[in-house]
Structure formats: C-alpha cells, structure tokens
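Engineer: Pasting a structure below so you can have a look.
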Amino acid sequence: MDSPLGKLTLCRTDAGICRVEFGGWETRSCSAKAWAHRWWPSFAFREDAEDEVLREAVSQLRRYFAGELQAFDLPLDMRGTPFQRKVWQALRDVPYGATAAYRDIAAAVGAPQAVRAVGGANNRNPVPIVVPCHRIIGANGAMVGYGGGLAIKERLLALEDGAPAAAEVLGH
C-alpha cells in the first residue's frame, strides 16, 4: 500500500496479519519473503486487492495516518518466542500519544532485568505501526532504534502527539 511514509507491504495468513514492512515487496530491501519462508516454507506472495482482511488493514492504516484511529483492531498472526509475544502484547498496551522506555516494558512483562532482550523483541516486531514499537524510547527519552529508521519513528510519534498537525508531519 502507499502511505505517507512510503510503500508498506502487508502480509497475512489465514489467521491474520503477519507482517507489515516498510518498502514494497518487489524491492531488494524487502525482507518479508525470507521472513515468511522461515515460518511457512510453502508461503507464496500474491497481490489480492479483494482480500477482506488486507482491505481492512489498509483502511485502518489510512485512518491512523489521517489521525482518526488510535488503536488497531485486526486479527494478527504474530510468530515469535513466548517472550517476544509477551513483549509485543505489552507494546500494544502503550497508549496512543504516549511513550515508554524499554525498562518499562521489561517490568511490564515481569522481567525487569531483561531490558536488552526487550530491545531485541521490539526489533523483531513483525507488524510495526499496528503493534506500536515506535512508542518505545531510551530511558533518557532519546530516540533509539527503529526498523523503519529514526526519521519515521519521529514522524509517527509526532503524528500521535498532534503537534505539529498530522498533515504537516506526514507531508500532506
């Protein structure tokens, strides 16, 4: 899909959205193919504009970028370790417009000493934006690490903050 941040690739299984990736699937930088084949060896990419789940995901993403949606309600199929899945759930608990430090997420999942492991799980989040890993910042408030790049992370946080206006942040 086209977004204010550039192309986004959305992938789904029968269970739900399994991947959101920055860049189109045809680009060399898209790692969705290798990632999908790791979990589903027979996975085949196809474009399907009529797929109901993908259409709903695109609709919700567009509403999010327009500043009209604060929480996604999509079926997800997130593959990862039990620890990663706990972290990803904790990310979903960080409210729109708020941020949390990695140590906050570590405490939330009952592993206060596992700050680095939380960072690793955050980095492996297969559905960024939908599962808002961009809301996680350094303990000192610094912008640190984001799969889409720090500039995109800053734009997403500014969109949620409401200042400057969402249209300005996203280049409208």
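The values are calculated or read from the model by the stated rules, or taken from the named source; none is laboratory data. On a predicted model such as this, the values are computed, not experimentally measured, just so you know. As a convention, Cβ positions derive from the backbone with ideal geometry for all residues, glycine included, and neighbour counts pool all protein chains shown.
Engineer: Checking Gly171 against (1) part of a loop (DSSP other than H, G, I, E, B); (2) modelled with pLDDT of 95 or more; (3) not hydrophobic (A, V, I, L, M, F, W, C), which test does it fail?
Structural biologist: Of the numbered conditions (1) part of a loop (DSSP other than H, G, I, E, B); (2) modelled with pLDDT of 95 or more; (3) not hydrophobic (A, V, I, L, M, F, W, C), the odd one out for Gly171 is (2).
Residue-wise test of (1) at pLDDT 90 or above; (2) of a type outside the set (Val, Ile, Thr); (3) in a loop (DSSP other than H, G, I, E, B).
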{"site": "Arg28", "(1), (2), (3)": "no, yes, yes"}
{"site": "Ala36", "(1), (2), (3)": "no, yes, no"}
{"site": "Glu47", "(1), (2), (3)": "no, yes, yes"}
{"site": "Arg55", "(1), (2), (3)": "yes, yes, no"}
{"site": "Phe72", "(1), (2), (3)": "yes, yes, yes"}
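Engineer: Taking the condition of being over 24 Å from Leu10 (Cα atoms) and either of a type in the set (Ser, Thr, Tyr) or not in a loop (DSSP other than H, G, I, E, B) (or both), how many residues in region 123-138 meet it?
Structural biologist: 1
Engineer: Give region 126-139 a look and list any residue that's surrounded by fewer than 24 Cβ atoms within 10 Å (Cβ to Cβ) and without any contact (Cβ under 8 Å) to a residue 40 or more places away in the chain, or say none.
Structural biologist: Ile137, Gly138, Ala139
Engineer: Could I ask something else about it? Search region 6-20 for residues that are touching a residue at least 12 places away in the same chain (Cβ under 8 Å) and under 16 Å from Arg85 (Cα atoms) and pair each with any residue that is buried (at least 21 other Cβ atoms within 10 Å of the Cβ) and of a type in the set (D, E, K, R) when their beta-carbon atoms are under 7 Å apart and the residues are at least 6 apart or on different chains.
Structural biologist: Nothing qualifies.
Condition check ((1) modelled with pLDDT of 95 or more; (2) in the same structural domain as Gly23 (by TED's automatic domain parsing); (3) under 17 Å from Leu5 (Cα atoms); (4) assigned to a helix (DSSP H, G or I)) across all residues:
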| residue | (1), (2), (3), (4) |
| --- | --- |
| Lys86 | yes, no, no, yes |
| Gly97 | no, no, no, no |
| Ile105 | yes, no, no, yes |
| Ala121 | yes, no, no, yes |
| Asn140 | no, no, no, no |
| Lys153 | no, no, yes, yes |
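Engineer: List, please: which pairs have Cβ atoms under 8 Å, are six or more places apart or on different chains, and start with a residue in region 75-98 that is of a type in the set (Gly, Ala, Ser) and end with one that is surrounded by 14 or more Cβ atoms within 10 Å (Cβ to Cβ) and assigned to a loop (DSSP other than H, G, I, E, B)?
Structural biologist: Close Cβ pairs satisfying both conditions: Gly80/Arg124; Gly80/Pro126; Ala90/Val109.
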